[in-house]
Amino acid sequence: MGHWLMKSEPQTFGIDDLARQPHKTDHWDGIRNYQARNYIRDKMRVGDLAFFYHSNCANPGIVGIIKITRAAYPDLTAWDPNEKYFDPKSNPDDPRWFMVDVKLVRKLKRVISLHELKQHKALQDMSLLRRGNRLSIMPLTHKQWNYIVKLETN
DNA sequence: GCCAACGTTGGC
DNA sequence: GCCAACGTTGGC
């Protein structure tokens, strides 16, 4: 089973927005970066777990755990001119962008902040913490995943 | 195919 | 709002 970290801006789509959806499930659209696209399209599997990360906000950090419930399928918002992430160059016959469905497993008891994550030597290789890395979808090792889960109750 | 300009991300 | 990092675009 794979482990991931997925970033979203809470003012756009936060963990409480996901919690409000029917079955606490929604599609994760708007990925418009090729590296992130390749991860979800080629590596992400149904049943994989991911951390829900709030970015670009007052207290950036990990706020919950979600599960992948549907493997990558074309991101329909790429073809809708009214959508923020409309991409006129994406051809419906050869979809450029993909999305997955995710279900909220649970919110964490507390936010594990970016600041806190940076304090841990064991996590220094996480791409989230590497200088200049702005990927919105990134894989975690089992070790990193388990380490972070334990931080929740520290 | 190079590379400068430009746009976006995201922490601060 | 600033700015560093870096991906994309487009002229040549």
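Bear in mind that the values in this text are calculations on the coordinates, not laboratory data. Computed from a prediction, not measured in an experiment: that's the story for all the values here. Glycine also receives a Cβ, built like all others from the backbone with ideal geometry; neighbour counts cover every protein chain displayed.
Sort out for me the helices (runs of 4 or more DSSP H) sitting completely within segment A:1-92 that have 3 or more residues that are within 14 Å of DNA strand C (Cβ to nearest atom), closer than 16 Å to A:M138 by Cβ and in contact with a Phe, Trp or Tyr (Cβ under 6 Å, 6 or more places away or on another chain).
Those helices (runs of 4 or more DSSP H) do not exist here; none qualify.
Which residues, taken from segment A:116-154, are β-branched (V, I, T) and either in a helix (DSSP H, G or I) or within 16 Å of DNA strand C (Cβ to nearest atom) (or both)?
A:I137, A:I148, A:V149
List pairs: first in segment A:1-25 and more than 15 Å from A:H54 (Cβ to Cβ), second part of a helix (DSSP H, G or I) and more than 16 Å from DNA strand B (Cβ to nearest atom), Cβ under 7 Å, 6+ apart or cross-chain?
A:G2/A:K43; A:H3/A:H142; A:H3/A:W145; A:K24/A:L18
Exactly one of (1) away from DNA strand B (no atom under 15 Å from the Cβ); (2) within 28 Å of A:E152 (Cα to Cα) is unmet by A:P95. Its number?
All conditions are met except number (2).
Given the options A:R106, A:R96, name the one that is within 16 Å of DNA strand C (Cβ to nearest atom) and either surrounded by fewer than 19 Cβ atoms within 10 Å (Cβ to Cβ) or part of a strand (DSSP E or B) (or both).
Among A:R106, A:R96, only A:R96 is within 16 Å of DNA strand C (Cβ to nearest atom) and either surrounded by fewer than 19 Cβ atoms within 10 Å (Cβ to Cβ) or part of a strand (DSSP E or B) (or both).
Can you pull out the residues in segment A:66-84 that are surrounded by 17 or more Cβ atoms within 10 Å (Cβ to Cβ), without any contact (Cβ under 8 Å) to a residue 60 or more places away in the chain and in contact with a helix residue (DSSP H, G or I) (Cβ under 8 Å, 6 or more places away or on another chain)?
Listed by number, the list holds a single entry, A:A72.
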